[in-house]
Structures are given as structure tokens and as C-alpha cells.
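Read through the structure below, which is laid out as C-alpha cells, and then see the notes.
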Amino acid sequence: AMAPNVLVVHPSLPVKSVKELAALARKRPGELNYAVGAAGSAMHLGAELFKSTMHLEIVRVPFKGTSYGLTALMAGQVQLMFNTMPTVLPHVKTGRLRALAVGSARRAKTVPDIPTVAESGVPGFEATTWWGMVAPAKTPASIIAKLGTQIERVLTDPEISQRMLAQGAEVQGSSPESLAKFMREESARMRKVIASAGIKAE
């Protein structure tokens, strides 16, 4: 399954789009802050990918956890963050946060009115939280194939799919080979972000 990370800002920030945010950040280099919980998390990597792709100077403010960062954002102590859809949407709906874009390649089914970062002027941008099922490396191929078939059968169940969608996650059922390929490509892509931002385990 895959869920787009959402770029949200405090309502006091005078921006309503990715382009306006980028323009403000360029006008005020090093003045805007973004909240992040765990170093190297999907939300952290998404923010650093955004910074490097857009060539922006936005300062990272680390918190002990994502919830602390979210609280600081709603209090106006920081200006923006990338976070998971289920976490931020309730606050977007109440007006405590403003959503600028989703990090998925396509618009999210649950919030089709929010544009993607890619269509907002950052072609190819993608920052998501994803989940896959894995097994020990020496598991026989026949067992992997059987598990893969059964897992895909469960994920294509309409009830399961809808329950996941309600939480902001879209089912991405695939073959074991497709998941392995995706994981290799995603690891290589994020390794560049980690190296560029100098991210280290904390």
C-alpha cells in the first residue's frame, strides 16, 4: 500500500501553493523552518527532496517525534512539514493547517482537490509512505509465490481496500518481483537524498 505525504503549512504563512511557498523561501532564505520527527523518516526525506529539487534554504527543526512537530506547526512555532495524510487531514479540514500538495505521483483518491507537488511545478517529484510484506531471505521461492498470491487476493478484497483508503492508503498489490524491483529503485533514489542532505542516524 502507498500513502502520499502531504505538504502542509501554518495558515499564517502567506502562501496557498507550492509556487508561492518556493517564492517566499527564495525571498527569505534560511528563515522558514520545517518540522520533522525521526531522522531519515519518509517525512524527513520528502522535505529534503523538496528542498534540494527546488534549491531552497529551509531549516530543519528536529523533534522527538512527529506528533511533537505537528503540535509545534499548529502552534505556529514552525512554518511547514511533510506528514502522512491520516495525521494532517483532520487539521486541514478544521483550518488549523493548510495543505499545499500531496507527494504522490497522482492525486490522492481521498482528496482529489489537492494537487500533487509534481503538477505544482516540480516535475517527477514523489514522496510517499509505503508498506510491503517481506519474508526471510532463505524462504523457498514456492512459499514466496504462494504467500504473494494469497496476500494479493486479500488486498483486492473491496472491503479491505476501502478500509485502507479510509486511512489514506491506496492498495498497490503486486508480485514479489515487482515489490523487490520497487524497493531497489526506491532505496537507490533515497540514498542520493540522504547523501546530499548529509542525513545520519540519530
Is there a residue being assigned to a helix (DSSP H, G or I) and out of contact with any strand residue (DSSP E or B) (no Cβ under 7 Å at 6 or more places or on another chain) anywhere in segment 123-131? no
Could you run through segment 24-75 and say how many residues are touching a residue at least 40 places away in the same chain (Cβ under 8 Å), over 20 Å from residue 11 (Cβ atoms) and polar (S, T, N, Q)? 2
Positions within segment 18-38 being surrounded by 15 or more Cβ atoms within 10 Å (Cβ to Cβ) and either modelled with pLDDT under 95 or outside any helix (DSSP H, G or I) (or both), in sequence order: 32, 33, 34, 35, 36, 37, 38
Among the residues of segment 43-62, count how many are within 17 Å of residue 124 (Cα to Cα) and part of a helix (DSSP H, G or I). 10
Take the residues in segment 132-165 that are among the polar types (S, T, N, Q) and outside any helix (DSSP H, G or I); name whichever of them is least open to solvent (accessible area, probe 1.4 Å). 139
Can you find a residue that is of a type in the set (Phe, Trp, Tyr) and within 19 Å of residue 193 (Cα to Cα) anywhere in segment 58-70? no
Tell me yes or no: at least one residue of segment 101-111 is open to solvent by 20 Å² or more (accessible area, probe 1.4 Å) and of a type in the set (A, V, I, L, M, F, W, C). yes
Scanning segment 83-100 for residues that are open to solvent by less than 10 Å² (accessible area, probe 1.4 Å) and either at pLDDT 95 or above or out of contact with any Leu (no Cβ under 7 Å at 6 or more places or on another chain) (or both) gives 85, 97, 100
Can you tell me which residue within segment 126-149, out of those that are of a type outside the set (S, T, N, Q) and touching a Gly at 6+ places or on another chain (Cβ under 7 Å), is nearest to residue 7 (Cα to Cα)? 127
Name, by its number, the condition in (1) touching a residue at least 60 places away in the same chain (Cβ under 8 Å); (2) open to solvent by 40 Å² or more (accessible area, probe 1.4 Å) that does not hold for residue 14. (1)
Might you check whether a residue that is farther than 30 Å from residue 72 by Cβ, small (Gly, Ala, Ser) and surrounded by fewer than 11 Cβ atoms within 10 Å (Cβ to Cβ) occurs anywhere in segment 117-131? yes
Report whether or not residue 168 is under 26 Å from residue 38 (Cα atoms) and surrounded by 13 or more Cβ atoms within 10 Å (Cβ to Cβ). yes
Within segment 133-141, is even one residue of a type in the set (Ser, Thr, Tyr), free of Cβ contacts under 8 Å to residues at least 12 places away in the same chain and closer than 18 Å to residue 48 by Cα? no
Taking the stated definitions as given, is residue 3 under 28 Å from residue 131 (Cβ atoms), in contact (Cβ under 8 Å) with a residue 60 or more places away in the chain and open to solvent by less than 10 Å² (accessible area, probe 1.4 Å)? yes
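The values are calculated or read from the model by the stated rules, or taken from the named source; none is laboratory data. Model, not experiment: these values are computed from the prediction. Methodologically, a virtual Cβ is constructed for each residue, glycine included, from the backbone with ideal geometry; neighbour enumeration extends over all protein chains shown. Surface areas here come from the heavy atoms of the whole protein model, side chains and all, with no ligands, DNA or RNA. Shrake-Rupley method; radii C 1.70, N 1.55, O 1.52, S 1.80 Å.
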